[in-house]
Amino acid sequence: STAVRFAIADALTLSSDTVKIAGYCADVVTDNGTNQLALITRTLTLAGGYTSTNWVNSFPITQPTTLDALGKGRVLYATAALTVSNLTVQNGAFSGATSDCPFSGCGGGIYADNVVALNNVNVLTNTAEHGGGVYGDMTVTVIGGRFANNTASVNGGGLRAISDATVAGATFTSNTAFQGGGALF
């Protein structure tokens, strides 16, 4: 996970728009007052499916990329537009009141305070009060991928979208919410 954070920091410094990620990246750090694997503060694309010897071709099925918060905080916290492609976001957990969310405990896997697009992303076993898997404050677009075993103690077990949402070709399995929208709200 340290390499992912360094790559994101370099991208922000170099004005790059894409960070390519390979393999399994785990753990969180405290940044901006909360725990997460990575904080995104500028428009960025995170792309998986690579290997450390092949940064040209993405093969997410044979070369899976996983970002794992190990249940210690969010996986991704984005305050700017974010696109995520060809990877797995798992084991994020977030609860409690923060200034970044109009409710308490938003986005266990991904909290997006801006536009977010997920392309072929697996969102697995994340928990939060609102948007166990993903919480999107602005437009959310989901193309393909899978949301499984995410839990919200209030609304949106898999996905909680505050504004417009487009979902196509995604699978929602075994997501739960206490009040509404086990799959999405």
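The values are calculated or read from the model by the stated rules, or taken from the named source; none is laboratory data. If you're wondering where the values come from, they're calculated on a predicted model, not measured in any experiment. Virtual Cβ from ideal backbone geometry, glycine too; neighbours counted across all protein chains shown. Side chains included, ligands, DNA and RNA excluded: accessible areas come from the protein's heavy atoms. Shrake-Rupley method; radii C 1.70, N 1.55, O 1.52, S 1.80 Å.
Shape class for the range 5-88, computed from the alpha carbon gyration tensor (a ≥ b ≥ c): oblate, with a/c not under 1.5 and a/b at or below b/c.
If you take every residue apart from L67 with its C-beta less than 12 Å away from the C-beta of L67, what net charge results, scoring Lys and Arg +1 and Asp and Glu -1?
0
Our compactness index for the chain, the C-alpha radius of gyration over the empirical 2.2 N^0.38 Å, is 0.91. Highest average first, the peptides 105-112, 51-58 ordered by how many other beta carbon atoms sit within 10 Å of their residues are 105-112, 51-58. The packing ranking of peptides 27-37, 158-168, 133-143, highest mean first, is 133-143, 158-168, 27-37, where packing means the average number of other beta carbon atoms within 10 angstrom of each residue. In the chain, the portion of solvent-accessible area held by carbon and sulfur atoms comes to 53 percent [1.4 Å probe, whole percent, DNA, RNA and ligands not counted]. Using helices alone, what [θ] at 222 nm do you get for the chain, with -39,500 (n - 2.57) per DSSP H run of 4 or more residues, divided over all residues and rounded to the nearest 500? So the helix-based figure for the chain works out to -2000 deg cm²/dmol. For the range 1-68 versus the range 164-185, the spacing of their alpha-carbon centroids is 25 Å.
Could you state the accessible area per residue of the range 8-126 in Å², with a 1.4 Å probe and every protein chain left in place? Here the residues of the range 8-126 average 40 Å² of exposed surface.
Compute the Cα gyration tensor for the range 1-43, then decide on rounded, prolate or oblate, letting a ≥ b ≥ c be the square roots of its eigenvalues: rounded whenever a/c is under 1.5, prolate when a/b is larger than b/c in the other cases, and oblate in all that remain. Oblate is the answer for the range 1-43, as a/c is 1.5 or above yet b/c matches or exceeds a/b.
Here, P(r) means the percent of Cα pairs in each 10 Å bin from 0 to the largest distance; for the range 70-162 it is 22, 59, 19, 0. Seen against the Cα atoms of the chain and their longest principal axis, helix 2-14 is set at about 80 degrees.
When the Gaussian network model of the chain links Cα atoms closer than 10 Å, the mean-square fluctuations of L39, L82, L70 top out at L70. Ordered from largest to smallest accessible area (heavy atoms of protein chains, 1.4 Å probe), the residues S95, S153 come out as S95, S153. For a modelled paramagnetic label at Q179, 7 Å from Cα along Cα-to-Cβ, no residue of the range 53-84 is in reach, as no backbone nitrogen comes under 12 Å.
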